[in-house]
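Below: the structure, in structure tokens.
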């Protein structure tokens, strides 16, 4: 019998976070095509699940980027041959790029979250127009 490990649990959570919005959009499409009244509520849940997916993706990118930078530094200090040290250092820009990408996704996710409150929507529109 296989022992469930922490990486396996994390992998299952990440796969579920990616698949849940797609499944909910499929349920919404079927419910909307059949004219069922709960289709709009399913769409609201699917949008929130997609926002959650973006948040998880950004955190994974930031953590993965820092892990790549740490691995590059470790490799440059650990390997005896100069060629291997230099090859390890090549990972640093890729790790920093991945951190940057995760931060950008996180910031853009904060700006694009839908607001169900009409007063907040009107306030955002008036702030943009300068009045």
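The values are calculated or read from the model by the stated rules, or taken from the named source; none is laboratory data. On a predicted model such as this, the values are computed, not experimentally measured, just so you know. Here Cβ is always computed from backbone atoms with ideal geometry, including for glycine, and neighbour counts include all displayed protein chains.
Looking only at the stretch 93-105, which residues are closer than 9 Å to residue 69 by Cα and buried (at least 16 other Cβ atoms within 10 Å of the Cβ)? Of everything in the stretch 93-105, just one residue is closer than 9 Å to residue 69 by Cα and buried (at least 16 other Cβ atoms within 10 Å of the Cβ), namely 95. Residues in the stretch 111-130 include none that are surrounded by fewer than 13 Cβ atoms within 10 Å (Cβ to Cβ), over 22 Å from residue 10 (Cβ atoms), modelled with pLDDT of 80 or more and out of contact with any helix residue (DSSP H, G or I) (no Cβ under 6 Å at 6 or more places or on another chain). Taking the criterion of being in contact with a helix residue (DSSP H, G or I) (Cβ under 8 Å, 6 or more places away or on another chain) and closer than 24 Å to residue 61 by Cα, the residues of the stretch 15-29 that qualify are 17, 18, 20, 21. Of the candidates 12, 59, the single residue that is within 27 Å of the chain's Cα centre (by Cα) and surrounded by 12 or more Cβ atoms within 10 Å (Cβ to Cβ) is 59. Take the residues in the stretch 30-53 that are assigned to a loop (DSSP other than H, G, I, E, B) and out of contact with any helix residue (DSSP H, G or I) (no Cβ under 8 Å at 6 or more places or on another chain), then tell me which one is surrounded by the most Cβ atoms within 10 Å (Cβ to Cβ). Taking the candidates together, the pick is 36.
For the stretch 5-14, the condition of being outside any helix (DSSP H, G or I), out of contact with any helix residue (DSSP H, G or I) (no Cβ under 9 Å at 6 or more places or on another chain) and at pLDDT 90 or above holds for none of the residues.
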